[in-house]
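Contents: one structure, followed by commentary.
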Amino acid sequence: MKPWNKACQIAAVYVGTVVGTGFATGKEIVEFFSQYGLWGLLGIIVSGYFFITLGTSLMVKAIDLKARSYEELNEYLFGRRIAKGINLIMLVMLLGFCTVMLSGAGAIFEEQLARPRIAGILLTIILLLAVMTLGTKGLVAVNTFIVPLMIGFTLLLAFHSVRTDGFIENMLMVPEQGTGWKAFASPFIYPAMNLAMAQAVLVPLAAEVNDKKAVRLGGLIGGVVLTLILLASHMTLVTLPDFTQFEIPMAEVMKGAMLSFYWIYILVIYGEIFSSIAGNLYGAEKQISTYIRAGRMWIMVLVLLLCAAFSTFSYSTLLGFLYPLFGYISLAFFFLLWWKSSKRFQS
């Protein structure tokens with residue numbers, strides 16, 4: 001396969017891994033960027049730089065180490081002893097992400113469909129268990145279909161938002177005093193959280209491809225696309241009045257801008273949530289199976305029941321608390337990767 005084709009496949013997986021539930025709903029972008037106005041816009045640009053450079057460095061380092069899993073990369077970054085604790089923390093983070101995503105499914109039912117939150121959570125669990133029984137081929141096909149659709153809708157909404165009255169004023173809005181340190185931290189903790197979790201997919205992918213030229217090009221394309229999607233989502237969200245009050249703000253924009261596409265967009269968001277939970281569920285099951293001896297499906301049922309117990313809490317509350325927390329926890333991984341990558345380039 002030609003390096004360009006490999007690079008496009010790597011970029012697609014990179015984007016699909018990072019574009020998760022919070023990204024699809026818009027709540028994640030509100031939490032880390034849009035609520036900070038102009039500083040959020042600058043933060044997206046800084047985050048984009050890290051997605052391009054460190055996402056690429058992560059995959060190149062996986063090839064250098066011939067790493068088959070993210071555990072081997074963490075051993076390189078932290079040392080063997082500390083890496084064991086880091087891998088356990090990553091398992092807790094995976095469970096936390098699954099919890100937030102299940103809550104997001106419930107939020108769609110409650111806020112957009114006027115149905116009980118618990119109905120969305122239970123339906124998602126049933127569908128997940130059915131898909132896990134059938135295998136991953138259908139899930140991969142769904143993700144391949146949903147991610148381009150979501151990106152297309154995001155760009156369409158951004159184009160619509162640019163033409164609205166007061167767009168420039170909303171983009172350049174400076175927030176009230178008291179949010180400065182959070183706005184400064186977001187460009188670091190956001191890519192830190194996403195790259196720490198994406199390594200579970202990107203490390204084995206890079207090792208399998210084993211082509212540094214393709215990986216570097218794929219990391220560049222994927223990082224640029226992620227930056228453009230972040231910018232497009234931000235441009236859309238800042239035009240929505242009181243966007244911080246909604247659990248699914250992107251759906252609210254679609255409802256007001258292009259009502260004819262609204263139900264399709266709701267299905268796309270739900271599909272992205274579903275595929276994100278499934279990916280994290282697979283990662284959690286693989287890691288838990290190294291600690292306890294139990295059947296694969298039993299572990300997944302246990303994980304889903306545990307996550308469901310906490311997913312009845314508000315989606316906004318869970319995302320607003322857990323995602324920044326996971327971002328701060330991931331900073332050690334982020335800065336070690338940054339430092340060791342810079343060290344390699346200097347040598």
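Among the residues making up the range 66-113, those that are free of Cβ contacts under 8 Å to residues at least 40 places away in the same chain and surrounded by fewer than 17 Cβ atoms within 10 Å (Cβ to Cβ) are Gly79, Arg80, Arg81, Ile82, Lys84, Gly85, Leu88, Val92. Of the helices (runs of 4 or more DSSP H) entirely within the range 114-179, those holding at least 2 residues that are surrounded by fewer than 16 Cβ atoms within 10 Å (Cβ to Cβ), at pLDDT 85 or above and on the phi < 0 side of the Ramachandran plot occupy 117-134, 137-162.
Listed conditions (1) at pLDDT 80 or above; (2) under 18 Å from Ala107 (Cβ atoms) are all met by Phe23, apart from (1). With respect to the conditions (1) at pLDDT 80 or above; (2) in a helix (DSSP H, G or I); (3) touching a helix residue (DSSP H, G or I) at 6+ places or on another chain (Cβ under 7 Å), Phe335 falls short on a single one, namely (3). Would you check if Phe261 is surrounded by 15 or more Cβ atoms within 10 Å (Cβ to Cβ), outside any helix (DSSP H, G or I) and on the phi < 0 side of the Ramachandran plot? For Phe261, the condition - surrounded by 15 or more Cβ atoms within 10 Å (Cβ to Cβ), outside any helix (DSSP H, G or I) and on the phi < 0 side of the Ramachandran plot - is not met.
Can we say Glu272 is farther than 21 Å from Ile45 by Cα, touching a residue at least 40 places away in the same chain (Cβ under 8 Å) and not hydroxyl-bearing (Ser, Thr, Tyr)? Answer is yes for this residue. Do we find that Val46 is under 14 Å from the mean Cα position of the chain (by Cα), assigned to a helix (DSSP H, G or I) and under 30 Å from Ala232 (Cα atoms) in this structure? Against the criterion (under 14 Å from the mean Cα position of the chain (by Cα), assigned to a helix (DSSP H, G or I) and under 30 Å from Ala232 (Cα atoms)), Val46 does not qualify.
Within the range 20-43, the set of residues being surrounded by fewer than 24 Cβ atoms within 10 Å (Cβ to Cβ) and not in a helix (DSSP H, G or I) comprises just one member, Gly37.
Yes/no matrix, rows are residues, columns are (1) closer than 15 Å to Ile229 by Cβ; (2) out of contact with any Cys (no Cβ under 7 Å at 6 or more places or on another chain):
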| residue | (1), (2) |
| --- | --- |
| Ala11 | yes, yes |
| Gly26 | yes, yes |
| Ile44 | yes, yes |
| Tyr76 | no, yes |
| Ala83 | no, yes |
| Leu95 | no, no |
| Cys98 | no, no |
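The values are calculated or read from the model by the stated rules, or taken from the named source; none is laboratory data. On a predicted model such as this, the values are computed, not experimentally measured, just so you know. Positions of Cβ are generated from backbone atoms using ideal geometry, with glycine treated the same way; all protein chains shown enter the neighbour counts.
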